[in-house]
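Scroll down for the structure; my scribbles are underneath it.
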Amino acid sequence: MCLSHQKSTFSDLSNDAKDELSRLKTCVSFRKGQVIIHEGARPQGVYCIHRGKVKLYTMGTEGKEQIIRFITNSELIGYRSLLSDEAISASATALEDTFACYIPKSSFFKVIEENPKFSLKLLKMSCHELGEAGKMITSLAQKNVKERLAEILLILRATFGEDEEGYLDISLTREEIANMVGTATESVIRLISELKKDGYISSKGKRIAVSDRGALQQIANIFE
């Protein structure tokens, strides 16, 4: 159950608080491609992802997606809009069959009011997400397309890891990758071919494997 998972935002709650949330939550599932929350809607609760992969994105003026980030196991969706009492700033869609816990607004706020440590954890999490969003904006503004692509591939590897064959454990279309990079799909296809030719990555259909992490870090101007 996502409420008791070690990495869950709710993991530090007392057993009584977890039991109460378990009674109030609802287990929900989403098929691959199904929208979980819509940009502009008013949130009535939060989702805690139990198993699956979700993309967060906004729609541009021309109807083009701008992928902001991904949500994986034990992460929350919709909590910042709920806390700020604002409309949801980004849509969320399941990238694969996804299972989640839905916690109503009243139950979520009750946990916040009764658990100061949980409130602080939410604050830290929100600040971290805003910081990461700021880094992404800076990257889009200051790096060229090849540098951004290399950085995105490293982010995907760090977020999802690799499957047993060494490919990134997430399947994205070239268009979705282009939406993350902020460029045309044709440019991403060309650059992926260049990186593959240079031996920095390998690919099989939609699947991509990072063959030379150090080279991608150099291209992306990331220094540890």
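The values are calculated or read from the model by the stated rules, or taken from the named source; none is laboratory data. Note that the coordinates shown come from a computational prediction; the quantities given were computed from them, not determined experimentally. A quick note on method: Cβ atoms are made from the backbone with ideal geometry, for glycine too, and the neighbour counts reach across all protein chains shown. Surface accessibility is based on the protein's heavy atoms, side chains included, excluding ligands, DNA and RNA. Shrake-Rupley method; radii C 1.70, N 1.55, O 1.52, S 1.80 Å.
Applying the condition of being in contact with a Lys or Arg (Cβ under 9 Å, 6 or more places away or on another chain) and over 20 Å from Asn73 (Cβ atoms) to the range 154-166 and asking which residue is most open to solvent (accessible area, probe 1.4 Å) yields Glu165.
Quick one: what pairs do we get from the range 167-189, first residue open to solvent by 20 Å² or more (accessible area, probe 1.4 Å), second in a strand (DSSP E or B) and not hydrophobic (A, V, I, L, M, F, W, C), C-beta under 6 Å, 6+ apart or different chains? That search, which allows pairs on different chains as well, returns Tyr167/Arg207; Asp169/Glu162. Residues that are at pLDDT 90 or above and charged (D, E, K, R) occur in the range 55-75; there is at least one. On the given criteria, is Cys27 in contact with a Ser or Thr (Cβ under 9 Å, 6 or more places away or on another chain), outside any loop (DSSP other than H, G, I, E, B) and not polar (S, T, N, Q)? It is false that Cys27 is in contact with a Ser or Thr (Cβ under 9 Å, 6 or more places away or on another chain), outside any loop (DSSP other than H, G, I, E, B) and not polar (S, T, N, Q).
What are the residue pairs meeting all of these: first residue in the range 35-56, first residue over 20 Å from Ser171 (Cβ atoms) and β-branched (Val, Ile, Thr), second residue open to solvent by 30 Å² or more (accessible area, probe 1.4 Å) and assigned to a strand (DSSP E or B), Cβ atoms under 9 Å, and 6 or more apart or on different chains? Qualifying pairs under 9 Å: Ile37/Tyr47; Val46/Tyr102; Val46/Pro104.
The single condition from (1) under 23 Å from Ala178 (Cα atoms); (2) loosely packed, with under 15 Cβ neighbours inside 10 Å that Thr72 fails is (2).
Checking each residue in the range 69-89 for being out of contact with any Ser or Thr (no Cβ under 8 Å at 6 or more places or on another chain) and of a type in the set (Gly, Ala, Ser) picks out Gly78, Ser84. If we scan the range 139-148, do we find a residue that is in a helix (DSSP H, G or I), open to solvent by less than 30 Å² (accessible area, probe 1.4 Å) and at pLDDT 90 or above? Checking the range 139-148: at least one residue is in a helix (DSSP H, G or I), open to solvent by less than 30 Å² (accessible area, probe 1.4 Å) and at pLDDT 90 or above.
All conditions in (1) open to solvent by 30 Å² or more (accessible area, probe 1.4 Å); (2) part of a helix (DSSP H, G or I); (3) under 17 Å from Val145 (Cα atoms) hold for Ala215, with the sole exception of (1).
Residues that are among the hydroxyl-bearing types (Ser, Thr, Tyr) and either surrounded by fewer than 19 Cβ atoms within 10 Å (Cβ to Cβ) or at pLDDT 80 or above (or both) within the range 1-39 comprise Ser4, Ser11, Ser14, Ser22, Thr26, Ser29, listed in sequence order. The criterion of being assigned to a strand (DSSP E or B), open to solvent by less than 40 Å² (accessible area, probe 1.4 Å) and in contact with a Gly (Cβ under 9 Å, 6 or more places away or on another chain) does not hold for Ile49. Of all residues in the range 75-106, those satisfying the criterion of being over 20 Å from Thr159 (Cβ atoms), assigned to a helix (DSSP H, G or I), open to solvent by 10 Å² or more (accessible area, probe 1.4 Å) and touching a residue at least 12 places away in the same chain (Cβ under 8 Å) are Ser81, Leu83, Lys105. Of the residues that sit in the range 52-69 and are among the basic types (Lys, Arg) and in a strand (DSSP E or B), which one is least open to solvent (accessible area, probe 1.4 Å)? Restricting to residues being among the basic types (Lys, Arg) and in a strand (DSSP E or B), the top hit is Lys55.
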